Amino acid sequence: MTEGGSSTVAEAQRILTEPAVGARRPSTVARSVSVVAVLVVACGLSLVVGSYPIPLSDVLSAIVSPGTGAVDTIVRHVRIPRTISGLLAGSALGVAGAVMQGLTRNPLAGPGILGINAGASLAVVTAIALGVTTAGGYLWFAFAGAGAAALLVYVLGSLGRGGATPVKLALAGAALSAMVGSMTTVVTLLDAATLDQYRFWAVGSLTRSGADAAAAVGPFLAIGFVLAVAVGGSLNTLALGEDVARSLGTRLVVVRVFAASSVLLLAGAATVIAGPVAFVGLAVPHIARILAGPDYRWIMPLSALLGPALLLLADVAGRLLVQPEQLQVGIVTGLAGGPFFLYLVRRRKVAQL
Amino acid sequence: MTARRDTLLLHPAGRGVAFRVSKRSVVLTAALGLCAGAVAVLSLGLGEFDLRPADTLRVLGGGGTLIEYDVVVRDRLPRAVTGLGVGAAFGLSGAILQRIAANPLVSPDVIGVNAGASFGALLVITVFGGAGAALVLGGLAGALLTAAAIVVLALGHGHGGYRLVLVGIGIAAMLSSAISFLLVRAEYRQVLSAASWLTGSLANRGALHVTIIAVTLAAAVAVLLVFGRHLRVLELGDDVASTLTGGAGRVRPVLITTAVVLAAMATAAAGPIGFVALVAPQITRRLLPGGPARLAPAAATGALLVIAADLAARLLFAPTELPVGAVTGVLGAPVLLYLLARANRIGHTG
């Protein structure tokens with residue numbers, strides 16, 4: 001971003017003219033294939049591992065020819081929904097993180113750090129306190145809260161010169177989390193029963209929502225993914241700076257609206273499915289970037305694969321770590337993701353992407 | 001020039017040592033301190049056993065009956081003194097951090113010290129079933145460990161305040177996962193007792209809490225009398241600071257440590273009372289325009305904020321008492337958003 005104008009324009013033209021797939025080195029394709037393999041392994045582990053381990057052959061037979069035995073019931077009513085939740089929430093978080101980082105040109109962007117989880121939490125507490133009792137009822141509150149928080153943080157973080165810098169956005173997210181957190185506390189203090197329900201919602205988990213939730217948010221996920229794919233190329237030009245992007249013909253307003261809508265839909269849907277899950281949306285695009293370089297047309301599909309792989313592996317780890325109990329996936333990602341965030345912060349060029 | 005005219009030189013120890021203080025700052029500190037004292041007296045007289053302020057003062061002076069002495073001095077005074085001390089500590093902590101980071105949004109709440117204290121205390125409540133002194137110890141250990149981690153990870157050349165902020169945010173996010181984990185595993189009864197502590201409360205404070213906060217404040221004042229003057233250089237930024245004085249790199253860790261220890265001790269004594277450390281220096285800056293937030297007035301502002309918020313928390317839903325942190329949280333949050341919007345618009349956040 002900081003080097004001379006002529007070289008950035010040349011770089012922009014190279015990226016713009018280069019076909020997304022054909023000109024890639026074979027190693028990138030090979031890496032993508034290995035990511036798919038990792039995801040398949042993660043799905044397999046998620047189906048097999050648990051407090052009641054089921055051999056892979058039994059899992060397969062339960063899927064292919066479902067019977068009425070205990071094993072078949074566990075596979076069909078516990079393991080498969082849990083794995084599907086992980087697939088949906090993970091890919092939504094991964095792509096949302098990638099779009100956020102591209103949109104804000106900010107390596108620290110992610111749904112957790114930017115206050116989206118906190119916004120969803122306040123909305124859900126409000127829903128519980130208002131007497132909403134069904135999981136289906138929480139869904140829409142979580143969705144609205146996540147969206148409102150994302151919007152507020154982005155608007156607050158983009159005020160002033162320089163737009164949404166990493167520090168401004170992270171501060172806006174932390175400040176909003178602190179504020180919303182204190183409101184959440186007041187609601188729970190005034191009503192002990194709400195507190196008791198809320199504390200379980202507050203940790204992200206893949207076990208809480210079933211097929212109905214997945215079906216309810218499915219359309220939003222689909223629209224979010226389509227929007228993300230649509231802005232992929234524009235995020236590449238945006239990465240060269242706003243002025244260069246504009247001179248290359250990128251319509252900044254359109255791109256921003258599309259990208260922001262995509263983030264709202266994806267992050268909101270992920271929160272609806274799994275509750276607050278920290279750091280997955282932050283970390284996944286970085287891993288994708290290491291594997292495939294800076295092209296967002298590669299980063300996005302890789303994030304869509306890596307997100308669920310990471311989330312499912314974290315979920316499997318949570319099942320194994322404190323046997324016979326289980327750690328919720330949100331706790332595993334929160335504790336494991338923190339050091340990753342600190343690593344990003346401690347790198348010298350934190351402000352650049 | 002006005003600064004020169006405003007300056008007062010104090011020579012408390014003969015010719016060897018001199019402290020330069022601002023007259024306006026002294027006057028403001030005294031005025032805020034008087035207000036805080038007045039609110040404290042009012043608060044001491046309120047409760048099931050009501051006293052008029054004049055009677056409260058008489059009792060404090062040693063002139064009351066045995067019952068009056070019991071109620072005011074033994075029951076209520078620790079709460080008021082803890083509140084005043086904790087407020088002053090938060091105010092000081094916020095002022096130091098905001099000046100070092102040159103950022104109006106930095107405070108122990110935002111950078112994770114309070115989350116550390118909460119985690120420590122929660123661990124004591126839910127895992128060991130502790131209360132009282134054990135709770136204070138847990139909160140203290142959590143806050144100090146977190147503070148140490150933040151300071152160690154944030155040190156380094158060329159990053160100054162921003163790295164401190166971002167490291168703190170990362171640690172706070174991690175700790176919030178850990179807190180959720182403890183809350184999910186805890187019994188309902190423990191969750192209820194934890195909830196009040198996690199908000200920040202002055203109820204049932206005693207000699208232990210008063211001692212903690214008094215010792216901390218005394219130590220902090222001693223450190224600040226020696227190193228506080230370097231703040232004026234440090235807030236010019238890393239580069240200027242190291243050009244002007246070679247010692248800037250050595251002084252910054254001392255001041256950051258002082259600030260986080262103040263917040264840690266205050267949180268151990270009263271729980272994480274939100275937003276006081278953030279708001280107090282900002283109020284001070286507006287009362288003394290044209291300069292950075294001065295430390296003594298910020299401390300007095302913090303004391304006034306906490307003692308007034310506690311009074312409000314006792315009166316608002318009487319006879320039900322809210323924890324003081326609920327009041328500061330609800331009142332402080334809009335201030336935070338305003339500061340954020342304003343700081344971004346004038347380009348202070350970076």
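The numbers here are math on the coordinates, done by the rules we state, and not lab data. Fair warning: this is a prediction, and the values are worked out from it, not measured in the lab. In this analysis, Cβ positions are derived from the backbone assuming ideal geometry, glycine residues included, and neighbour counts consider all displayed protein chains.
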(request) Mind giving me the FRET efficiency for B:Ala148 and A:Phe340? R0 is 25 Å, r the Cβ-Cβ distance, nearest 0.05 is fine. (result) 0.75
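Compute the length gained on full extension between A:Asp243 and A:Leu320: take 0.36 nm times their separation in residues and subtract their Cα-Cα distance, giving the result in nm to one decimal.
22.7 nm
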(message) Between A:Asp191 and B:Leu316, how high is the FRET efficiency from 1/(1 + (r/R0)^6) when r is the Cβ-Cβ distance and R₀ = 22 Å? Nearest 0.05.
(response) 0.85
(request) Could you size up the charge dipole of the protein assembly as shown around its Cα centre, putting +1 on the beta carbon of Lys and Arg and -1 on that of Asp and Glu, and report it in debye to the nearest 20? (result) 2040
(request) Neighbouring Cβ atoms within 10 Å as the yardstick, rank A:Phe279, A:Phe258 fewest first. (result) A:Phe258, A:Phe279
(message) Let's see if you can work this out: charge +1 on each Lys and Arg Cβ, -1 on each Asp and Glu Cβ, no other charges. What is the dipole magnitude of the stretch B:35-345 about its Cα centre, in debye to the nearest 20?
(response) 700
(message) Over chain A, with a Gaussian network built from C-alpha contacts below 10 Å, which listed residue (A:Val217, A:Val48, A:Val78) shows the highest mean-square fluctuation?
(response) A:Val78
(request) Rounded, prolate or oblate: pick one for the stretch A:109-252, where a ≥ b ≥ c are the square roots of the eigenvalues of its C-alpha gyration tensor, a/c under 1.5 means rounded, and failing that, prolate if a/b is larger than b/c, else oblate. (result) oblate
(message) Semi-axes of the equivalent ellipsoid for the stretch B:35-345, please: Cα gyration tensor eigenvalues, times 5, square-rooted, ordered largest first, whole Å.
(response) 32, 24, 17
(request) Treat each spin label as a single point 7 Å out from the Cα along the C-beta direction, and report the A:Val29 to B:Arg342 distance in nm. (result) 5.9
(request) Using a 10 angstrom cutoff on alpha carbons, build the Gaussian network for chain A and name the most mobile of A:Asp315, A:Asp72, A:Asp196. (result) A:Asp196
(message) Given the options A:Val284, A:Val226, A:Val345, identify the residue whose Cα lies farthest towards the positive end of the charge dipole of chain A (+1 on Cβ of Lys, Arg; -1 on Cβ of Asp, Glu).
(response) A:Val345
(request) Give the shape of the protein assembly as shown as rounded, prolate or oblate, defined through the alpha-carbon gyration tensor: a ≥ b ≥ c are the square roots of its eigenvalues, a/c under 1.5 means rounded, and otherwise the shape is prolate if a/b is larger than b/c and oblate if not. (result) oblate
(message) Using only Cα atoms and rounding to the nearest 10 degrees, what angle (0 to 90) does helix A:80-104 make with the longest principal axis of chain A?
(response) 20
(request) Quick one: give the max-minus-min coordinate of the C-alpha atoms of the stretch A:95-144 along each principal axis, largest first, in Å. (result) 41, 15, 11
(request) For the stretch B:163-206, just say rounded, prolate or oblate: build the C-alpha gyration tensor, square-root its eigenvalues into a ≥ b ≥ c, call rounded for a/c under 1.5, and beyond that prolate if a/b exceeds b/c, oblate if not. (result) oblate
(request) Using only Cα atoms, tell me the angle between helix A:5-17 and the longest principal axis of chain A; keep it within 0 to 90° and round to the nearest 10. (result) 50
(message) Quick check: the distance between the Cα centres of the stretch B:36-87 and the stretch A:241-279, to the nearest angstrom?
(response) 56
(message) Just to be sure I understand the model, the point goes 7 Å from the Cα along the line to the Cβ. What's the resulting B:Val26 to B:Ala54 distance in nm?
(response) 3.3
